[in-house]
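Before I ask anything, let me first share the structure, which is written out below as structure tokens.
All of the numbers you see were taken from the coordinates with simple rules; none came from a lab. No experiment lies behind these values; they were computed from the predicted model shown. We place every Cβ from the backbone using ideal geometry, glycine too, and count neighbours over all the protein chains shown.
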Amino acid sequence: MSALADLNGKVAIVTGGASGIGKGIARQLKAEGSHVIIADIEERALHEAAAELGATPVLTDVSDAASVEALAKEALNAFGAVDIVCNNAGIGPMAPVAELTLDDWKWMLGVNLWGVIHGIHTFLPILKSNPDGGHIVNTASMAGLDAPPNLGAYATCKFGVVGLTEVLAQELAAENSKVGVSVLCPGTVRTNIGRSSRNRPAHLTDVGFQDIDIELDDNPAYRWIGPDDAGAVVVRAIQHGYLYALTHPDWYDRVARRHHLIADAFRVQAEAGPPTPR
Ligand SMILES: NC(=O)c1ccc[n+]([C@@H]2O[C@H](COP(=O)([O-])OP(=O)(O)OC[C@H]3O[C@@H](n4cnc5c(N)ncnc54)[C@H](O)[C@@H]3O)[C@@H](O)[C@H]2O)c1
């Protein structure tokens, strides 16, 4: 896969860059000498983060295609190019599937899945038109590789983001593109995701979701890292052209468990014999 070893002078957009992992990615890209635009829906946090990081703020709702197109226009007007796009904005409230309302589904799919689709749809042609290509990083989650209870809507989006990135990576490689793509699958990162409902649109009134701050859970299996650590993982993935950017390689057992279940299902089915043709 294509990689961008030298990030100095590159123009990078980070959605959800006003907080948490996005802010960590923005900080690490700044440290590499990139020009960074942070795009976020939370106006006050956006301007505070931009001032702190020395980044350019653009108020953006990633669930709205026109808003993401306006972000691209503003970036191109300001810098003349875009080289790196981190589709990172996201929300993480939880509920059992049976308690999810259609408004919950609309909000979560709008931000966590359509947000990434809008980013790719808008920026892929722009990156492809660069002589040196560029790089896209889509933020998924460990919940895009293994689906735990209470994260039905979340995992639906994150599995989608992983699948979309895997397909795009193969298509770009097949055309020898200079554009690379990575999917970030973080484990537990200390951020404001436990307060996601601060950004719930007012018109989506039927609420089944709950904000659950898993930092209050002292589960010893969680290994908390900081947003800057996650940002460093992203920078490494861009520089080396890694498809999977992983903050918790020590959590592979969870993914292996799922893979074993699938392998077992194939074996049981194979032992039962092929379906009888009708
Ligand atoms: N924190 C974790 O442990 C963890 C683990 C796995 C994946 N993730 C993913 O990391 C990404 C960042 O989350 P975080 O943990 O940093 O949370 P966070 O709440 O600290 O940051 C998310 C940012 O996205 C912004 N945002 C929300 N809706 C938006 C919209 N419609 N348009 C534009 N911006 C919007 C928020 O204002 C916020 O600044 C998300 O995609 C999340 O699913 C987080």
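Quick one: check the C-alpha center-to-center distance for the range 66-112 versus the range 210-278, whole angstrom.
Comparing the Cα centres of the range 66-112 and the range 210-278, I get a distance of 22 Å.
While we're on this one: For the chain, what is the number of Lys pairs with C-alpha distance below 15 angstrom, counting only pairs 8 or more positions apart or on separate chains?
Within the chain, the lysine pair count is 5.
Hey, what did the chain get for relative contact order, percent, Cα under 8 Å, at least 6 apart?
Working: 551 pairs, mean separation 65.3, N = 278.
Value for the chain: 23 percent.
Expressed as a rounded percentage, what relative contact order does the range 103-228 have, with Cα pairs under 8 Å and six or more residues apart?
Worked out over the range 103-228, it gives 30 percent.
Over the chain, consider all pairs of different Cα atoms and compute the Kirkwood hydrodynamic radius from their mean reciprocal separation; express it in Å, one decimal.
19.3
Shifting gears a bit: Which parts of the range 218-244 would a label at A173 reach, counting a residue when its backbone N lies under 12 Å from a point 7 Å out along Cα-to-Cβ?
242-244, by backbone N distance to the label point.
Roughly what would the spin-label model give for Q269 and A78, points 7 Å off Cα along C-beta, in nm?
4.9
Taking Cα pairs under 8 Å and at least six residues apart, what relative contact order does the range 35-170 come out at, in percent? Spell out each step's value before the answer.
Working: 182 pairs, mean separation 32.8, N = 136.
Contact order relative to length: 24 percent.
Label H203 and T101 with points 7 Å out from Cα along Cα→Cβ: what is the distance between them in nm?
Between H203 and T101, the label points sit 1.5 nm apart.
Gaussian network model of the chain, Cα springs within a sub-10 Å range: biggest mean-square fluctuation belongs to which of V179, V82, V255?
V255
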